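In what follows, a single structure is set out as structure tokens and then discussed.
Taken together, the values in this text are just the output of simple stated rules run on the coordinates, not laboratory data. Everything quoted here is computed from the prediction, not taken from an experiment. When we count neighbours, we look across all protein chains shown, and the Cβ atoms used for this are built from the backbone with ideal geometry, even at glycine.
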Amino acid sequence: MADRGEDGVDGEALLDLPVSVLEKQPGLASDADWGALMKAAQDGDAASYRRLLGDVTPWLRRYYTHRLPLPMWDDAVQDVLIALHEKRHTYDPARPFEPWLAAIARHKWIDRLRAMRTMPTEVLDEALPAPDDHGAAVSDALTLDTLLAQLRPQQAEAIRLVKLEGLSVEEAALRARQSPSLVKVNIHRGLRRLGALVRRVHDAG
Amino acid sequence: MPADAPPPSGRRAGDATGALIERLAGDLKPVRRRTTWRDAAVLAAIVAVELVLFLAMGGLRPDMPMAMKQPSWWWKLGSMGAIGIAGLGTGLLSLDPARSPRRGLRITILLVLLCVALGWLVDAARPGTTALLARLDWRQGIGCVWKMAVLAIPAVLGFGVLLRRGAPFDGAATSWAGGLGAAAAGAFVFVFACPSDDPLYIAAWYAVGLALVSAVSRVILGRVARW
């Protein structure tokens, strides 16, 4: 049965999201390998640590391509790498590494969603180069759409226009036929609901 | 890194990320792994030392042998102990980012309600009743709440230090659980000094004390929980 929260949001639908991105690409180390590398890193082995961080970086990029707008990907990945470094003592080598990493990535995702509430939006440069993996970018947009579909339509539209397409609040208000103050309220509430939604998925998992 | 090792695939993510990886690996120091049991032992030691000091300073109520014959005394001691263990245990477990505190917090809150319900049973077994307001004795009650709050400070601080070192996914719920547990730990110590054995008085004022300390701790610990 779908887990509908107080906002009427279908949390279970989002449970499908991580599965596709948590699958590793061929050639990458297994979870046990990552766990062993992290264990060695906890003991001070810099070479193992360097390899681990290098390995998890593309994994994190795939994670965020499904969840955040393109300009935020690298910052989010770096946030996780720093958090992983600062909190590396909290990893228990007796347990799988991936859920631990995914929890940190999800925590930083919520931080980014929260930051979007107050962060000024810059209009994207038309000449901005396309990502290397265009196919992935297209599917990411679809996934982000899936996420936004969990919100009320006015909230999703306000977030899409201002935070993803880079319109000003006034332009978005004209386009969405909402007052500027309502656009701001819808962005604020929508992003807050997204954060709550992600947290609920974490609780369910 | 061995010379024949493949280059880290993370470098493809960009120069900035590659430079960050090099810096983090260069700064690497061995760390002592966090364990929930060690953290729990630290908190247990804090509460035990506090209790010993409190009793050594003359905190023990003078009629303790009589009080220990009352079911209500054992009820309040057991209740505060159980809530303290549940709350702080939930808080400590959730310092691992992969563990959510929500289920434990719900269980702790249910435990508080169960303890209050048990108090009604204890109260029903007491012979005779007097006026409610007189039994609540608000002047003494406020004094009790104040002492409970002061006695909760070591547990709140201890949990705060452990929280700072941990990585809670849901800082708000972890702060609630830890704050409630710390409040119950303070109340547990206070049980040895509390002059009242009236279940109504205990249920009312201990609940106020728990709620107050939990709410303040939630605000303070919530800031510590950010990472």
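The trypsin sites (Lys or Arg not before Pro) of the stretch B:179-227 that meet both conditions, a loop assignment by DSSP and at most 10 other Cβ atoms within 10 Å of the site Cβ, are B:Arg226. Among B:Ser214, A:Ser181, the order by Cβ neighbours within 10 angstrom, fewest to most, reads A:Ser181, B:Ser214.
Each part reduced to its alpha carbon centroid, the stretch B:47-111 and the stretch B:164-227 end up 10 Å apart. With the simple model of a label 7 Å out from the Cα in the direction of the Cβ, B:Trp146 to A:Asp33 spans 6.5 nm. Residues A:Leu164, A:Leu60, ranked from the fewest to the most other C-beta atoms within 10 Å, line up as A:Leu164, A:Leu60. Size descriptors for the stretch B:34-224: radius of gyration and Dmax over Cα atoms are 16.5, 53 Å. For the stretch B:173-194, the residues whose backbone nitrogen is under 18 Å from a point 7 Å from the Cα of B:Met68, taken along Cα to Cβ, are B:188-194. Mean per-residue shielding of peptide B:158-168 is 2, counting Cβ atoms of other chains within 10 Å of each Cβ. Toward the positive end of the charge dipole of the stretch B:34-224, with +1 on the Cβ of Lys and Arg and -1 on the Cβ of Asp and Glu, the farthest Cα among B:Leu105, B:Leu132, B:Ala67 is that of B:Leu105. With both labels modelled 7 Å from their Cα along Cα-to-Cβ, the B:Trp138 to B:Val49 distance reads 3.9 nm. Legend: helices of chain B (whole DSSP H runs) are marked when their alpha-carbon atoms reach 24 angstrom or more along the helix axis and their mean Kyte-Doolittle hydropathy is at least -0.5; marked are B:36-56, B:71-93, B:102-124, B:138-165, B:171-190, B:199-224. GNM on chain B, alpha-carbon springs under 10 angstrom: the most fluctuating residue among B:Ser217, B:Ser196, B:Ser94 is B:Ser196. Partner shielding of B:186-195 amounts to 0, given as the average count of beta-carbon atoms from other chains within 10 Å of each residue beta-carbon. Shielding value for B:15-26 is 6, the average number of Cβ atoms from other chains within 10 Å of each residue's Cβ.
Per-residue Cβ neighbour counts within 10 Å put A:Thr57, B:Thr35, A:Thr90 in the sequence B:Thr35, A:Thr90, A:Thr57, beginning with the fewest.
Overall, the stretch B:34-224 carries a charge dipole of about 440 debye about its Cα centre when +1 sits on the Cβ of Lys and Arg and -1 on the Cβ of Asp and Glu, all other atoms neutral. Which of B:Ala48, B:Ala19, B:Ala182 ends up with the largest GNM mean-square fluctuation for chain B, with Cα atoms connected below 10 Å? Judging by the Gaussian network model, the answer is B:Ala19. When chain B is treated as a Gaussian network with alpha carbon springs shorter than 10 Å, the biggest mean-square fluctuation among B:Gly81, B:Gly160, B:Gly18 belongs to B:Gly18. Remark: relative contact order (the stretch B:34-224) = 35 percent; criterion is Cα-Cα distance under 8 angstrom and separation of 6 or more residues. The slack in the chain from B:Ala41 to B:Ala117, taken as 0.36 nm per residue of separation less the alpha-carbon distance, amounts to 24.3 nm. Computed on the stretch B:92-183, with alpha-carbon pairs under 8 angstrom and 6+ residues apart, the relative contact order is 60 percent. Once the C-beta distance of A:Leu174 and B:Arg61 is scaled by a Förster radius of 51 Å, the resulting FRET efficiency is 0.10 to the nearest 0.05.
Each Lys and Arg Cβ is given +1 and each Asp and Glu Cβ -1; about its Cα centre, the stretch B:121-181 then shows a dipole of about 160 debye.
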